[in-house]
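A quick write-up on the structure given underneath.
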There are 2 protein chains.
Amino acid sequence: MKRIAIDMDEVIADTLTTHVEWYNRDYQDELKLSELEGITLLQARPDVRSAIESYYEREDFFRNIKVMEHSQEVLRELSEHYEIYITTAAMEVPASFRAKYEWLLEHFDFLNEMNFVFCGDKSIIRADYLVDDNVKQLRAFKGQGILFTAPRNVHEIDYVRVNNWLEARAWFMAQLHQDQQQREEQNEEQNKECCAVVEEG
Amino acid sequence: MKRIAIDMDEVIADTLTTHVEWYNRDYQDELKLSELEGITLLQARPDVRSAIESYYEREDFFRNIKVMEHSQEVLRELSEHYEIYITTAAMEVPASFRAKYEWLLEHFDFLNEMNFVFCGDKSIIRADYLVDDNVKQLRAFKGQGILFTAPRNVHEIDYVRVNNWLEARAWFMAQLHQDQQQREEQNEEQNKECCAVVEEG
């Protein structure tokens, strides 16, 4: 089985939507997701940096983030064909450790918690694929990177891109099909060589 | 630079000594480390399982574990020649996340926290070496495993063994020397080939 490493924030956790909603509610702003194309929330509101960053200190924020649409059903299906690991750069936000762990147990209870990884730099991850919204992490990773669309990365062109989990499913199922075909062709090739040896003998 | 992944408990954190001390103090027992050869603490005191396991729920326990002798000076020195990552199976003990992170910041402040990894199964770790006391994790790991002696593993014979951090330093410095020699020999070989081509020409 090939192995897929999957990021949390902006990939299976809809962190930005939750962040904008909480910020708008608490600071009476009307920021829209559509204003964040190619930039971060901090770049959109540099004058309220401490307000924006305050949520990274709050366990209740990480515990209550929305689940990314279709991520549960697709990961459940993919986990029948691939080894699934959740790999999140939690070292950047130490307040999130416990909340992220509990959030995963609640929303992805079909995954083995021994496959959860809290790291910093993802060059340490050994997997065939990494699905991430962060180009810096995809660059550090040694396998094939798959860019999961998030507002800040819409202008990136260097990676295979999936816009949502339905596209991710299609890509990984096609990949599976392609891998199977390759294996079958290799088997046929080996069988032919065996036959040739037998006939020669 | 080659990369070394290093386990925490029983490798840079003297968890067993601290565990036995706290248990003896709290439960008026006189268990000695020398009684734990080839077995775990739970196997030595199966009748008080809940007492033994209660410490895994306590943040103050993980925050106050002793540092393994010589681990700080040796890791500081090795970090000049190798990339050092701390890779701990923290998913087995979720209460330990924050305490382990703070413990690392306190005792190994010369390491980059982006190189801390909390995982379950260490097959996910991409590194050249893994120093661990747990044979199960060394088996899962894809690079070269180095067994760090702990009472429970004294009868294991399948891995390169280091008994303490001074031995670990000697092993890794010898390895470094060997890698350098190999590179020099390869360079000489390439130079000879170049000269031969020039002379032929």
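Only the coordinates and a few stated rules stand behind these numbers; no lab work does. The structure displayed is predicted, hence computed values, not measured ones. Here the Cβ is made from the backbone with ideal geometry for all residues, glycine too, and neighbour counts use every protein chain on show.
Using alpha carbons only, the radius of gyration of the protein assembly as shown set against its Kirkwood radius gives Rg/Rh = 1.04.
Quick one: work out Rg over Rh on the C-alpha atoms of segment B:83-186, Rh as Kirkwood radius. The partial results should precede the final answer.
Numbers: Rg = 15.1 Å, Rh = 15.2 Å.
Here Rg/Rh amounts to 0.99.
This model, with +1 at the C-beta of Lys and Arg and -1 at the C-beta of Asp and Glu, gives the protein assembly as shown a dipole about its Cα centre of some 580 debye.
Run lengths n ≥ 4 of DSSP H only: what is the helix-derived mean residue ellipticity at 222 nm for the protein assembly as shown, with -39500 (n - 2.57) per run over all residues, to the nearest 500?
Details: 16 runs with 178 residues, N = 402.
Per the formula, -13500 deg cm²/dmol.
Which value in Å is the Kirkwood Rh of segment B:154-193 over different Cα pairs?
Details: mean 1/r = 0.0813 Å⁻¹.
Final number for the Kirkwood radius of segment B:154-193 is 12.3 Å.
For residue A:32, the distances from its label point to the matching points in the remaining copies are 7.6 nm, ordered from shortest, with each point set 7 Å beyond Cα toward Cβ. Take A:70-80, B:94-104, A:118-128 and order them by the average number of nearby Cβ atoms within 10 Å per residue, most first; the result is A:118-128, B:94-104, A:70-80.
The dipole here belongs to segment A:22-82: it is taken about the Cα centre, uses +1 on the Cβ of Lys and Arg and -1 on the Cβ of Asp and Glu, and is about 100 debye. For residue A:195, the distances from its label point to the matching points in the remaining copies are 5.5 nm, ordered from shortest, with each point set 7 Å beyond Cα toward Cβ.
Have a look at the DSSP beta bridges in the protein assembly as shown and tell me what percent are antiparallel, nearest 5.
On the way: 4 of 40 bridges.
Around 10 percent of the beta bridges assigned by DSSP in the protein assembly as shown are antiparallel ones.
What does the charge dipole of segment A:63-183 about its Cα centre add up to, to the nearest 20 debye, if the Cβ of each Lys and Arg holds +1 and the Cβ of each Asp and Glu holds -1?
Numbers: 14 positive and 18 negative charges, 68 e Å.
Approximately 320 debye in magnitude.
Cα centroid distance between segment A:143-164 and segment B:105-158, in Å? Cα centroid to Cα centroid, the span is 32 Å.
Taking only the Cα atoms of segment B:71-115, the radius of gyration and Dmax are 11.3, 34 Å. For segment B:1-58, the list of GluC sites (Glu not before Pro) that fall in a loop by DSSP and count at most 15 other C-beta atoms within 10 angstrom reads B:30, B:37. Considering every Cα-Cα pair within segment B:131-185, what fraction, in whole percent, is farther apart than 12 Å? Of all Cα-Cα pairs in segment B:131-185, 67 percent lie more than 12 Å apart. What the Cα atoms of chain B give is an Rg and a Dmax of 20.5, 84 Å.
Averaged across the residues of B:85-92, what count of C-beta atoms belonging to other chains lies within 10 Å of each residue's C-beta? Don't jump to the answer; show the numbers that get you there.
On the way: counts 5, 0, 3, 1, 1, 5, 9, 2.
Rounded to a whole number, the mean comes out at 3.
For the segment B:110-117, counting C-beta atoms of other chains within 10 Å of every residue's C-beta and taking the mean gives 5. The smallest convex shape that holds all Cα atoms of segment B:37-89, its convex hull, gives 131 Å³ per residue.
Greater than 29 Å separation of Cα atoms is the criterion. Which listed pairs, A:32/A:136; A:100/B:32; A:66/B:136; A:136/B:122; A:100/A:136; A:136/B:142, meet it? Going by Cα-Cα distance, A:100/B:32; A:66/B:136 fall outside the 29 Å limit. Ranked by the mean number of other Cβ atoms within 10 Å of their residues, highest first, the peptides B:181-190, B:165-174 fall in the order B:165-174, B:181-190.
Between residue A:185 and residue A:37, the simple label model (points 7 Å from Cα in the Cβ direction) yields a spacing of 3.9 nm. Considering only Cα atoms, the convex hull volume of segment A:7-122 works out to 116 Å³ per residue.
Quote the Stokes-Einstein diffusion coefficient, in whole µm² s⁻¹, for segment A:2-68, based on the Kirkwood radius over alpha carbon pairs, a temperature of 37 °C and a viscosity of 0.692 mPa s.
Working: Rh = 12.8 Å.
The diffusion coefficient I find is 256 µm²/s.
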